Amino acid sequence: MLRSILLLVPLLLLPLGLGLVPRFGQPLAVLFPPNLPAEVAVLRVVGAGGLPLRMAALRGMVLARGDDPDLPQRLRAAGALLVLRAADAKGCP
């Protein structure tokens, strides 16, 4: 039952996320698992080719910037759960 719910959550959130797709050159809000130490999250952003700007108010979230349009995909490959435009992420001025 729990597995079925976990599989449905991304499908239910998809319409909400369509407007939050990162655009090239804009600051990104990168959400890593909340139990990941902040230093490790920052190192993963750097390893993916991004420039960490600062930690966000939400635990596990790093604000970052990058010049490569493939950065969001590389961040996801580095363990990011979610990559959003920073302007659209709540709590990220």
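The residues of the range 55-81 that are modelled with pLDDT under 90 and within 11 Å of residue 29 (Cβ to Cβ), listed by number, are 56, 57, 58. Is it the case that some residue within the range 6-15 is surrounded by fewer than 13 Cβ atoms within 10 Å (Cβ to Cβ) and at pLDDT 90 or above? No.
Within the range 34-93, the only residue that satisfies the criterion of being loosely packed, with under 14 Cβ neighbours inside 10 Å, assigned to a loop (DSSP other than H, G, I, E, B) and basic (Lys, Arg) is 90.
The values are calculated or read from the model by the stated rules, or taken from the named source; none is laboratory data. Since we're looking at a predicted model, the values are computed, not measured. As a convention, Cβ positions derive from the backbone with ideal geometry for all residues, glycine included, and neighbour counts pool all protein chains shown.
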